[in-house]
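In what follows, a single structure is set out as structure tokens and then discussed.
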């Protein structure tokens with residue numbers, strides 16, 4: 001029997017039961033669509049995070065005080081040295097680093113006239129603006145100069161400025177942070193909410209020297225360094241580590257690159273995507289059982305037809321193939337419809353939330369189609385075997 | 001062409017055994033027109049199924065065209081049914097989703113006959129039963145007689161050696177029955193071996209040879225017939 005004739009015969013049988021065909025196709029379509037939609041969500045989350053990191057600049061080296069890694073050595077090993085402005089100054093002299101920025105962070109209450117607002121305050125230097133790729137809405141950022149300098153300038157995030165000054169022009173105004181007075185020199189352009197760390201729109205920025213005294217801290221929160229040449233990231237990281245080891249006489253800082261963080265986040269979210277796809281494929285199994293049910297009903301209902309085909313000389317393998325072809329076509333048709341529905345759903349999501357980069361990864365398309373094919377084949381075997389085992393005499397005896 | 005020697009067919013039934021056929025020995029020559037007649041339950045359908053390789057004898061020998069076929073594997077028996085044996089049933093057994101033409105093409109579909117040849121041969125077979133004009137109609141658009149003639153076209157399209165008909169007119173009115181028997185007898189005149197199962201003595205009387213079955217065994221004609 002030619003393959004095309006086989007398909008034609010199966011199509012004819014499916015067309016003979018339109019409602020039943022439509023329902024089992026819908027079952028598979030829903031399964032495939034949900035696999036695709038959930039995969040797209042997971043993949044979207046992964047891309048969102050990766051993009052978020054990329055917007056921070058991918059050639060950053062981040063230095064934290066303290067050793068995060070667990071080693072086999074002394075469990076409460078040695079003294080952790082502070083990460084100081086002197087360390088920062090030493091790092092700034094390294095040739096491979098274009099910019100180095102010290103960061104001190106604390107939550108403080110900004111007060112202006114009767115209003116108070118608790119915001120994250122970041123102590124840093126002028127170069128922070130370029131390192132984080134920020135833009136000004138009004139005024140200027142912190143002035144360049146010696147980080148130790150106890151300046152009284154403050155720069156506000158857009159949201160912080162709006163909520164504290166309520167429409168008044170904040171530039172030149174004086175506000176208090178704890179006992180200290182600052183005058184506002186600039187307002188940042190809004191950057192949008194960030195999933196990572198602090199929301200810069202509601203933060204305030206002051207000179208790092210002032211901040212250390214204000215927060216009563218001796219150690220920086222971290223130092224962020226921008227490497228000149230992306231290819232030299234690892235070299236730069238090693239140099240930073242060597243320098244600090246020499247200065248602290250111990251390896252008591254953690255240095256990581258944006259790259260490593262992107263990679264690990266990407267891996268975590270990739271696993272999340274796979275999990276979501278796995279959960280969604282449960283619905284495919286349900287759809288497969290639906291196909292099996294439909295095919296079993298079909299075999300029972302078409303006993304006379306099967307008996308007739310046997311009487312006409314159809315061999316058992318041909319009958320098996322004919323029923324398998326039917327089941328597989330049900331599933332494949334459902335797979336294609338589900339693909340279309342899933343793609344439409346993701347398109348809709350992208351239209352409603354343009355910021356969220358939901359997208360169906362190519363592997364998911366392939367996997368969904370393969371899966372639907374396998375579902376049809378796998379769940380079609382048993383009914384098809386039942387069809388071939390029918391005794392033609394008994395099958396023909398009834399009308 | 002057909003030789004049965006001491007054929008038995010038994011079914012297990014609860015504790016005991018039902019003897020559907022008892023020690024049947026029968027020979028049918030090529031080109032014969034034989035009627036199998038007997039009351040219902042006499043085993044005539046079982047005999048027809050054994051002749052058609054749909055069922056196997058429990059005991060005894062069945063030779064078809066000189067080959068011992070009672071013990072052939074399923075695949076070979078399928079080929080035999082496809083190429084050498086045609087079936088006509090009381091309830092037609094046409095597939096409702098296919099046209100008359102499609103139904104006649106079915107055996108060729110499973111026989112792997114190419115599409116064009118299939119169409120031509122189906123058209124010839126339909127013409128031979130006088131239904132060429134109805135080739136595009138589905139079974140529910142055909143009368144009972146037309147349906148049975150379509151089934152006959154399907155049975156002979158593979159050019160079989162023997163046509164086995166199980167109550168071919170049992171579901172038809174008198175005029176349609178005449179028509180259908182006319183077609184079958186015309187084919188018999190052209191050399192097709194014809195075996196018709198019936199319980200209608202009038203119909204059986206049209207055959208050149210009548211075989212009586214009673215309680216699973218060959219019997220003499222009843223006195224009152």
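The figures follow:
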item: Folded to 0 to 90 degrees: helix A:3-15 orientation relative to chain A principal axis, Cα; result: 90 degrees
item: Sequence-separation-based contact order of the stretch A:82-249, relative, with Cα cut under 8 Å and 6+ spacing, percent; result: 33 percent
item: Estimated distance in nm for a label pair at residue A:297 and residue A:229, the labels positioned 7 Å out from Cα along Cα-to-Cβ; result: 7.1 nm
item: Prolate/oblate/rounded label for chain B (Cα gyration tensor, a/c 1.5); result: prolate
item: Gain on full stretching of the segment that runs from residue A:285 to residue A:166 - 0.36 nm per residue minus C-alpha separation; result: 37.1 nm
item: Per residue convex hull volume, Cα atoms of the protein assembly as shown, in Å³; result: 269 Å³
item: Value of D in µm² per second that Stokes-Einstein yields for the stretch B:112-167, Kirkwood Rh from Cα pairs, at 20 °C (1.002 mPa s); result: 180 µm²/s
item: DSSP bridge pairs, chain B: antiparallel proportion in percent, nearest 5; result: 50 percent
item: Tilt relative to chain A, helix A:18-56 - C-alpha long axis, 0 to 90 degrees, to 10; result: 20 degrees
item: Most to least packed among B:107-114, A:224-231, A:165-172 [average Cβ atoms within 10 Å]; result: B:107-114, A:224-231, A:165-172
item: Rounded tilt (10° steps) of B:144-156 against the dominant C-alpha axis of chain B; result: 80 degrees
item: Contour minus Cα-Cα distance for residue B:132 and residue B:13 (0.36 nm per residue); result: 38.2 nm
item: Rel. contact order, % - alpha carbon contacts under 8 angstrom, at least six apart, chain A; result: 30 percent
item: Inter-part distance where the stretch A:290-312 and the stretch A:208-266 are each reduced to a Cα centre, Å; result: 71 Å
item: Helix-only CD estimate at 222 nm, as mean residue ellipticity for chain B, using -39500 (n - 2.57) per DSSP H run (n ≥ 4); result: -10500 deg cm²/dmol
item: Contact order relative to length of chain B, as percent, for alpha carbon pairs under 8 angstrom and 6 or more apart; result: 30 percent
item: Whole-Å semi-axes of the ellipsoid equivalent to the stretch A:82-249 (Cα gyration tensor, √5λ, descending); result: 30, 17, 13
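Each reported figure results from applying straightforward, stated rules to the coordinates on display, with no laboratory input. Nothing here was measured: the structure is a model prediction, and the numbers come from that model. FYI the Cβ positions are ideal-geometry reconstructions off the backbone, even for glycines, and counts take in every protein chain you see.
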